[in-house]
Amino acid sequence: MKRIFGIIGSPRKMGNCELLVKEIAAKLPDGPAELKMVRLVEKDIRPCRACYRCLTEDCPIKDDFSRVMDAILTADGVIVSAPAYHHAPHSSLQRFLDRGLQFKRHLDVLSRKSAVAVAIAGSKDAEGYALLGVENFIRSMGMILKESVLVHAALPGEVLLSADALASATLLAASLFATAGPRRPAGPCCVGCGGTFFEFRGGNRIYCLSCGASGTVTTDAAETRIDTRQPANPWRGVQEAKARGEWLKEMKARYLRDKECLKTASASREGGEFI
């Protein structure tokens with residue numbers, strides 16, 4: 001029996017995010033799975049201290065992070081669901097992600113783990129970049145994003161009465177353990193990561209918000225074409241993420257070496273009024 005871990009980034013118990021996670025797990029093509037879930041808002045996930053100790057050893061912060069992390073590592077597949085709050089995913093996802101330097105010690109496991117993403121917005125055009133945030137949660141952990149969907153539902157329980165929402169649950173369930181590789185949209189997308197969220201940077205220049213790749217977009221009567229090149233400091237992919245971890249270790253060593261000089265440079269701005 002497959003082990004599924006559902007990450008719910010919503011403060012609402014039995015809300016649409018939780019219900020959709022359960023619906024996806026129930027629709028798995030290969031039959032019932034063992035489903036465990038976490039409501040992130042209920043867990044004590046404290047802010048990162050930026051000490052970098054977790055690059056080489058366990059995080060010194062004693063809270064619920066490691067328990068959630070262990071559940072992710074032991075699952076066969078992961079479902080991540082979050083609502084849109086002010087055009088962004090609920091902050092509980094980012095609070096967990098901020099502790100993500102620890103992911104680099106588990107890349108060999110995480111890079112083989114399939115995951116699907118769903119963002120829920122209460123009304124049309126109110127989603128903002130919520131889905132991008134949920135996708136980024138999965139990609140930043142190094143997991144394989146198999147599929148993602150945006151669902152519109154406002155009232156608790158509404159997803160179970162919506163034909164579109166139920167169809168989305170069926171799609172995600174079918175995609176989670178499908179033999180196909182990472183999500184690759186049929187339409188224009190980033191050449192490197194398959195992302196579909198871009199920032200326009202003047203003229204036809206674009207920047208991929210999913211992986212940091214820069215490129216161009218061109219259109220003609222037949223199609224829209226996106227051409228992107230690898231970012232200057234790539235961090236998607238196992239080897240790239242490991243290299244990024246080594247770079248961070250070097251930065252920590254550099255800080256320890258230059259600590260007194262940096263403190264002296266900062267001394268003139270010490271103090272100030274805070275609330």
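Values for this structure:
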item	result
Qualifying residue in segment 205-224 (condition: under 19 Å from Gln102 (Cα atoms) and within 21 Å of the chain's Cα centre (by Cα))	no
Pair list, Cβ < 9 Å and 6+ apart or interchain, from segment 206-225 residues that are surrounded by fewer than 10 Cβ atoms within 10 Å (Cβ to Cβ) to residues that are part of a loop (DSSP other than H, G, I, E, B)	Glu223/Pro188
Residue within segment 46-65 that is touching a Gly at 6+ places or on another chain (Cβ under 8 Å) and crowded, with 19+ Cβ neighbours inside 10 Å present	no
Residues being part of a loop (DSSP other than H, G, I, E, B) and surrounded by 11 or more Cβ atoms within 10 Å (Cβ to Cβ) - total across segment 226-236	5
Segment 120-141 residues that are closer than 16 Å to Leu172 by Cβ, paired with ones that are of a type outside the set (Ser, Thr, Tyr) and in a helix (DSSP H, G or I) (beta carbon under 6 Å, 6 or more apart)	Ile120/Asn16; Ile120/Cys17; Phe137/Leu93; Phe137/Leu97
Condition check for Leu73: assigned to a helix (DSSP H, G or I) and either among the small types (Gly, Ala, Ser) or modelled with pLDDT under 95 (or both)	no
Checking Leu28 against (1) part of a loop (DSSP other than H, G, I, E, B); (2) within 20 Å of the chain's Cα centre (by Cα); (3) surrounded by 15 or more Cβ atoms within 10 Å (Cβ to Cβ), the condition it does not meet	(2)
Failed item, numbered, when Lys36 is tested on (1) closer than 11 Å to Ile79 by Cα; (2) assigned to a loop (DSSP other than H, G, I, E, B)	(2)
Which listed residue is at pLDDT 95 or above, among the hydroxyl-bearing types (Ser, Thr, Tyr) and not in a helix (DSSP H, G or I), from Ser81, Ser123, Ser92	Ser81
Lone unmet requirement of (1) out of contact with any Phe, Trp or Tyr (no Cβ under 6 Å at 6 or more places or on another chain); (2) at pLDDT below 90 for Arg244	(1)
Residue tally, condition buried (at least 23 other Cβ atoms within 10 Å of the Cβ), aliphatic (A, V, I, L, M) and more than 11 Å from the chain's Cα centre (by Cα), over segment 80-109	1
Any hit, segment 1-24, residues being crowded, with 20+ Cβ neighbours inside 10 Å, in a loop (DSSP other than H, G, I, E, B) and within 17 Å of the chain's Cα centre (by Cα)	yes
Residues being part of a helix (DSSP H, G or I) and exposed (fewer than 13 other Cβ atoms within 10 Å of the Cβ) - total across segment 133-163	2
Matching residues, segment 110-120, being among the small types (Gly, Ala, Ser), surrounded by fewer than 24 Cβ atoms within 10 Å (Cβ to Cβ) and either in a strand (DSSP E or B) or in contact with a Leu (Cβ under 9 Å, 6 or more places away or on another chain) (or both)	Ser114
Residues satisfying the stated conditions in segment 31-45, i.e. surrounded by fewer than 13 Cβ atoms within 10 Å (Cβ to Cβ) and at pLDDT below 95	Gly31, Pro32
For Gly271: the one exception among (1) surrounded by 11 or more Cβ atoms within 10 Å (Cβ to Cβ); (2) in a loop (DSSP other than H, G, I, E, B); (3) without any contact (Cβ under 8 Å) to a residue 60 or more places away in the chain	(1)
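The values are calculated or read from the model by the stated rules, or taken from the named source; none is laboratory data. The shown structure was predicted, so the numbers you read here are calculated from the model rather than taken from an experiment. All Cβ positions, even for glycine, are placed from backbone atoms using ideal geometry, and neighbour counts span all protein chains on display.
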